[in-house]
1. Given the conditions (1) farther than 15 Å from Trp141 by Cα; (2) within 17 Å of the chain's Cα centre (by Cα), which single one is not true for Arg35?
2. How about region 84-95: which of its residues are more than 15 Å from Phe125 (Cα to Cα) and either surrounded by 15 or more Cβ atoms within 10 Å (Cβ to Cβ) or without any contact (Cβ under 8 Å) to a residue 40 or more places away in the chain (or both)?
3. Is region 88-107 home to any residue that is β-branched (Val, Ile, Thr), closer than 24 Å to Leu145 by Cβ and in a loop (DSSP other than H, G, I, E, B)?
4. Given the options Leu149, Leu81, Leu145, Leu136, name the one that is within 12 Å of the chain's Cα centre (by Cα), of a type in the set (A, V, I, L, M, F, W, C) and either at pLDDT 95 or above or farther than 23 Å from Val29 by Cα (or both).
5. Which one of these is surrounded by fewer than 13 Cβ atoms within 10 Å (Cβ to Cβ) and touching a residue at least 40 places away in the same chain (Cβ under 8 Å): Gly56, Gly20, Gly66?
6. I need the full set of residues from region 109-126 which are under 23 Å from Lys27 (Cα atoms), in contact with a Phe, Trp or Tyr (Cβ under 9 Å, 6 or more places away or on another chain) and buried (at least 19 other Cβ atoms within 10 Å of the Cβ), in order please.
7. So is Asp43 surrounded by 12 or more Cβ atoms within 10 Å (Cβ to Cβ) and in contact with a Gly (Cβ under 9 Å, 6 or more places away or on another chain) or not?
8. For region 116-125, state whether one or more residues are touching a Gly at 6+ places or on another chain (Cβ under 6 Å), closer than 21 Å to Val19 by Cβ and not in a helix (DSSP H, G or I).
Amino acid sequence: MRGSGAPPPEGAGPLGLRVGQVAERAKTVTDADLRLYAELTGDYNPLHFDEAFAAGTRFRRRVAQGGIAAGLLNALVAMDLPGPGTVFMSQSLTYHRPAYVGDTLRARVEVVEVKPDKPVCRLRFSVRNQAGDVILEADAWTYTLRPDLERQRRAT
């Protein structure tokens, strides 16, 4: 039980997580997403906005910025698993293919390692399109900052 002061289950660490635990979330990529991402980051690459330019490349059509697929990892970590208060300590991303406007991306996170004495864990991610093709794979270490964990840390 989180926040009860009771010790976490054996091997689960202070976050109560278990190796093999998973979470998923999905997002359909829209033109508005490309515009908003560009406004936020300044990434106005013609691969994202110019049909004629993109048609002359191996992609044959406009592609979404890679940060849109990677951004799903942020949402998973911060909102789902491990959850609120979690930040990335490190991450390694590998892009396998582009995401296109209209693609529905399904991001998945799996717990692969839990530190028994810290709110730290290693996670493995994948992002696939609606056809099941892998867009992105990633590995990351995260740290979770929550008021209950901060109180426990100060008490020890």
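1. (2)
2. If the condition is that a residue be more than 15 Å from Phe125 (Cα to Cα) and either surrounded by 15 or more Cβ atoms within 10 Å (Cβ to Cβ) or without any contact (Cβ under 8 Å) to a residue 40 or more places away in the chain (or both), then Gly85, Thr86 are the ones that fit.
3. no
4. Numbers: Leu149 fails: within 12 Å of the chain's Cα centre (by Cα); Leu81 fails: either at pLDDT 95 or above or farther than 23 Å from Val29 by Cα (or both); Leu145 fails: within 12 Å of the chain's Cα centre (by Cα).
Of Leu149, Leu81, Leu145, Leu136, the one residue that is within 12 Å of the chain's Cα centre (by Cα), of a type in the set (A, V, I, L, M, F, W, C) and either at pLDDT 95 or above or farther than 23 Å from Val29 by Cα (or both) is Leu136.
5. Values: Gly56 fails: touching a residue at least 40 places away in the same chain (Cβ under 8 Å); Gly66 fails: surrounded by fewer than 13 Cβ atoms within 10 Å (Cβ to Cβ).
Only one candidate passes the filter, namely Gly20.
6. Val109, Leu123
7. yes
8. Start the filter on region 116-125 by keeping residues that are touching a Gly at 6+ places or on another chain (Cβ under 6 Å), which leaves 116.
Filter once more, keeping what is closer than 21 Å to Val19 by Cβ: 116.
Those left that are additionally not in a helix (DSSP H, G or I): 116.
Yes, some residue in region 116-125 is touching a Gly at 6+ places or on another chain (Cβ under 6 Å), closer than 21 Å to Val19 by Cβ and not in a helix (DSSP H, G or I).
The values are calculated or read from the model by the stated rules, or taken from the named source; none is laboratory data. Quantities reported herein were computed from a predicted structural model and do not represent experimental measurements. Neighbour counts are summed over all protein chains in view; Cβ atoms, including those assigned to glycine, are modelled from backbone coordinates with ideal geometry.
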